Every structure is written in structure tokens, then in C-alpha cells.
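Written out below as C-alpha cells is the structure these notes cover.
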Amino acid sequence: MRTEVVNNSMPNPNTLYANTFIDALVAGGLTRFCLSPGSRHTPLVLALARHRESIDISSHLDERSAAFFALGLAIGSGEPAALVCTSGSAAANYFPAIIEAHQARVPLLVLTADRPHELRGSGANQTIDQIKLYGDYADFFADALLPERDPPPVVLRHLRTLALRALDTARRRPGVAHINFPFRKPFEPAADDNLEIDRPPPTQFSKRQSNGSADLAALLNAELLNRRGIIYFGHGSCRSDAERRTLQPWAGRLSDVTGYPILAEFSSNMRSAGTIGAYESFMTAPAVDFLEVEVVIRFGAPPLCKAMQDFLAKAELACHIYCSRAGEWADDTHSLTQHLTIDPAGVSAEDWDAFPPAGSQDWRGRMRRIDALARNAIAEEIASGDYFDGAVLHDVVDLIPAGSALFAGNSLPVRHLDQFGGGTDKPIFAFANRGASGIDGNVSTALGIGAARRGKPLVAVLGDITLYHDLNGLLAIQRCGVPVTIVLLNNDGGGIFQRLPARRFEPHFSDYFITPHGLDFAHAARLYGLDYIRAEDRESFRDAFRRSVGAAGSMLIEVCTEAIADLKRRAEIMTAVRESLKTLDS
């Protein structure tokens, strides 16, 4: 007989995960739970039992009755009630009550235990397909992580925010939120498991339906305003010229009253005079003291900049506020302290009239000086050094006419635009497919944007693999009458992968990641009726770009680059930026 050796030096992972999730629900204010007997949901039941003095736990022998009892609790109290059951058909018996809750908009949380992934579809007893078991009758569904020993901190933060997002969905819609928990045996705690109840303050969500500034204003107390902070606008923060006319003055006044500088991605469309744009080139420099930041107020998609991603993942922030457009979640570090909903159409600079200017503007002023030094260093390096992908984006922003639409393709062009595009008061609007960040369909998306903005210049900067992936889309230039200037950055395949650790593994890296193609895109230009030029240097690119954006036709301008040399050039420029900051306090 084989004897299983269990390492009891760590808590049973099922216990740790279940306790972390349930503790967050209770901290979020959920007080009513309905249970039915079983085995696989033992970690959840015992996690609830730790709170039995402060919450209401009722036991029901039949899951169907339990579900309708919970429905009644939610109707009678106006607050969500939770159901907890074992795996298999037990969860299916909840379905009639879930249908009623969905149709009547009654808030319910459904916590179902499930078999681990290796038993799904295996014929194992009491195992059914529980993934999205309730279909569209659940407004929120998540298949929780399979518990592991010694998980990284972000995993436990994820469990906490998962609990709170589900609870917020049930309250806000109101409706049904379903979390499915895969557990491996053993389900019971180890003998020496003695976990503290997790008491950190949970993420706070907007409690009102208002989409204005009131929730954010309520957070701007003296304690917060005395801390060092930043305001960060990610991709998609501003989605139209009308929104920008409202949102930029509002954000400027928010910066005035907090003393926090505004850091803005290029495709946030929030860069203007006074905003910080070169942060990726300097934020890790010691002279910047960026690790002293304690407060982040964030808008739009999660940061594109790797240094900002790393900062949010590791920083011990006193306050991390995310302002969503419509209640969406955008926090892959699971570190939010407040989740607000602020519709850009519902704000005004006058929202901050009751607030005096910040007592000190030293931090904001210092960041602006740093940004100016960084931008000057970048411009000097581009003017004097080897031409590379980032320099092309710098020149595109410099030369593009006012009123243009600028589409940046995935993967490198949008990153180069953000880092080297600088800041501009020129009224242009930047676009990118950053929802799923794929390279598919970028040509067609750009042309659709141009068709929606007829009469205004359209520029699309694309990588070679991205262009290749949607060559068919070029047909719309003639069929739909959309003139465009396409800037092709051709590094012969997959240049962004040079930033990955996998580059050390040759020949597999070149064979399976970079995949050089050797395509001549001049043929594609002829096939689809575009003018074509291959720019050999900066002067020829700038000349071709000026001629194209000032004409009525369409042109493909190809710039051939070398991925390793471009990566080296980027590193050299960042070194030059760090050197320029040595004059900061002189």
C-alpha cells in the first residue's frame, strides 16, 4: 500500500484559499449564508464557521429549498444572501431560484465546490460540468484558482478582490454572482492550521449610482492630500474629442487640488501641457524617488508601461483608487483600495471649486522638471543617434497634422508611441486595440476609424507581423474610400519577443518566436493600389511622411529595422535620460 506523505509545514491550501475568500466577503458586509450538507465544500463551511458569532448561517437539507430560502432572505433584507453547496447535481438544484433571482433582479451569491481539473470529464463520481452552469442567468462567473501551497501574495489578493467584485456585482446590478471552487482532498484543515482571520480593509466600491465626481471628492481628505501621489490615465481613459474637452480641464483641476502630477499614456488622449509622458524612461531612476509614491488615482486600462506595472505590483500603497467608466474591473495587481465609477460625460472642472489648491506643489513641480529633462534627452538622442522604431514614432507625432487620427498597432508600435511619442498640444486623437491587445484586424480597425472620421487624416503605424495578419483588410482602402498613411515598422518578425527571457534559448527562439518571414511588402502595396516608398533613414522618412499626410491618396511607408539593435538603442536612450537627471538639483 502506498502511503501519502503530507507536508504540514504549510496550512492546507484549501483552508487558506477558502478562509481568504470568506474573510473578504464578511469584511465586505455579507452576513447571510445558507448551507446544505456535503463533503467537497468543507473548506468553505469551516471558513464560515469561524465567523458564526458575527454572521447568520442557516442549514438546509435540500439545495432547492435552500436556494429559495436565500432568495427570500435577499428580498426581505434588500441585501445579498449567499448559497454554499458541494459539487455535482447539488449545484443544479439551485437553478430554479437563480432563474427567479435573475428575472426579479434579486442579489444572490452562489458558492459551489467542484472537482479539481484533472477529474473533470474523467467519469469521476459526482462530477458534472459546472463552468458557467447557470449560463446568462448569472451576471458574474469565475472559476476560482485551484489551491496551491505557498501561493504568491498576488494570488491571495486576487481571492479577496474576487470575493468583493462578486459581492459588488450582486449588489449593484442587482443579480446573481457565481463562484466555482475546485478543491482537492483533503478538505479538512491540518491539525496545526491556526490561521488568523484576514482583517485588512477590503476594496471599497461606489455605493451610489451617480457617475460624477462626488465619490472621489469624498476621499480627498487631509490625510490623503498630505501624501505623495500620482494621477494615472491609461489607454481608453478618453474616447472622443467631446470627452477630452471635459475631462482634461477636470483632471487639471484635480491635479491642482491634490498636488499630484498627471501621468498619461499616449493612447489615453489625456496628454497636454503639464502632463508627464516620458515616465517609462525615467521612473526607475534613483533621482526620481518614485518609490516614495503612496497614493495612485488611476483611470482607463491597466498600464502599458512595464515599469509602472512592476511598481503597482510591488508598491505598498496607502491608497489605490481606480475610477472606472462603467463599473469595469481593471486591476491585474489586485491592489485596489477603492473602486469608483466616474462617467467622463458627467464631470466638470467646477466639481473641484470647493477645494483649495494643494498646500505644496513641490512634488508635481519636480516631476514636471524631470519629464522636461527626459524629453530633451530623448529628442537629442533621436536627432544624433541611429534611427530606430521609437524614433519613427517620435517623428510621426512631430509631423502628423492637427485633427488626425493616429492608430498604433500591437505590439511594439503602441509601446514606442507611449515612450517616445512625447507630449503634444496638437489636437490629434490616438487609437489602439488594447482590449485584448491582439495583432489581428488592426488594419481593418484603423480603416474603420478613418471611415468614421471622414475628411480628417488617418495614420496607422503597424509592425510587419500585424500588417501581414490583416493584409486582406487593405482592400477597404479602395472599396470604402478611406485614404490612409500606413507606416510599416519591419523588423522581419516578432521584435517584441526580444524583451522576453525566452530570447536566451536558441535556436528555438529564432525558429518559433521570431519566425523571420522575408516578405516584400512592396508587392502588397501594388496589389491594393497604394503608393509605396522604403525610407532608408530619418530624412527620407520625414520627407515621405510629410508628402503622404498632405495628399489625398494612400501610401505605405516601410522602415526596415533590426530588433536587437532597436532594443539596444532604447536602452541607450534610457541611460542618457538617467544621465540628464544628474543636473536635476544642481
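Quick rundown of the values:
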quantity: Residue 142 being farther than 30 Å from residue 312 by Cα and in a strand (DSSP E or B); calculated: no
quantity: Residue within the stretch 287-298 that is assigned to a helix (DSSP H, G or I) and buried (at least 23 other Cβ atoms within 10 Å of the Cβ) present; calculated: no
quantity: Residue match in the stretch 53-64 (condition: assigned to a helix (DSSP H, G or I), surrounded by fewer than 23 Cβ atoms within 10 Å (Cβ to Cβ) and either out of contact with any Lys or Arg (no Cβ under 6 Å at 6 or more places or on another chain) or at pLDDT 95 or above (or both)); calculated: yes
quantity: Pairs where the first residue, in the stretch 240-251, is assigned by TED's automatic domain parsing to the domain that holds residue 299 and the second is in a helix (DSSP H, G or I), C-beta under 6 Å, 6+ apart; calculated: 243/344; 247/344; 249/349; 250/349
quantity: Selection status of residue 313, modelled with pLDDT under 95 and within 24 Å of residue 436 (Cα to Cα); calculated: yes
quantity: Residue pairs meeting the criteria (Cβ under 9 Å; at least 6 apart or on separate chains; first closer than 17 Å to residue 295 by Cβ, in the stretch 352-365; second among the hydroxyl-bearing types (Ser, Thr, Tyr) and in a helix (DSSP H, G or I)); calculated: 355/258; 358/255; 358/258; 364/255; 364/258
quantity: Odd one out for residue 582 among (1) without any contact (Cβ under 8 Å) to a residue 60 or more places away in the chain; (2) assigned to a helix (DSSP H, G or I); calculated: (1)
quantity: Number of positions in the stretch 547-586 that are exposed (fewer than 14 other Cβ atoms within 10 Å of the Cβ) and touching a Ser or Thr at 6+ places or on another chain (Cβ under 9 Å); calculated: 1
quantity: Residue match in the stretch 219-231 (condition: surrounded by fewer than 24 Cβ atoms within 10 Å (Cβ to Cβ), within 30 Å of residue 409 (Cα to Cα) and at pLDDT below 95); calculated: no
quantity: Meets criteria (closer than 29 Å to residue 245 by Cβ and without any contact (Cβ under 8 Å) to a residue 24 or more places away in the chain) for residue 328; calculated: yes
quantity: Cβ pairs under 7 Å, 6+ apart, first in the stretch 110-126 and touching a residue at least 24 places away in the same chain (Cβ under 8 Å) and at negative phi, second surrounded by fewer than 15 Cβ atoms within 10 Å (Cβ to Cβ) and outside any strand (DSSP E or B); calculated: 115/124
quantity: Test: residue in the stretch 496-505 that is under 31 Å from the mean Cα position of the chain (by Cα) and either at pLDDT 95 or above or not in a helix (DSSP H, G or I) (or both); calculated: yes
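Conditions tested, residue by residue: (1) modelled with pLDDT under 95; (2) closer than 22 Å to residue 581 by Cβ; (3) not in a loop (DSSP other than H, G, I, E, B).
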| site | (1), (2), (3) |
| --- | --- |
| 263 | no, yes, yes |
| 267 | no, no, yes |
| 270 | no, no, no |
| 273 | yes, yes, no |
| 284 | yes, yes, no |
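Results for (1) at pLDDT below 95; (2) touching a Leu at 6+ places or on another chain (Cβ under 9 Å); (3) within 20 Å of residue 525 (Cβ to Cβ), shown as yes or no for each residue.
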site	(1), (2), (3)
420	no, yes, no
424	yes, no, no
436	yes, no, no
460	no, yes, yes
473	no, yes, yes
480	no, yes, yes
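The values are calculated or read from the model by the stated rules, or taken from the named source; none is laboratory data. Because the structure is predicted, anything quoted here is derived from the model rather than measured. So basically every Cβ, Gly included, is an ideal-geometry build from the backbone, and we count neighbours across all protein chains shown.
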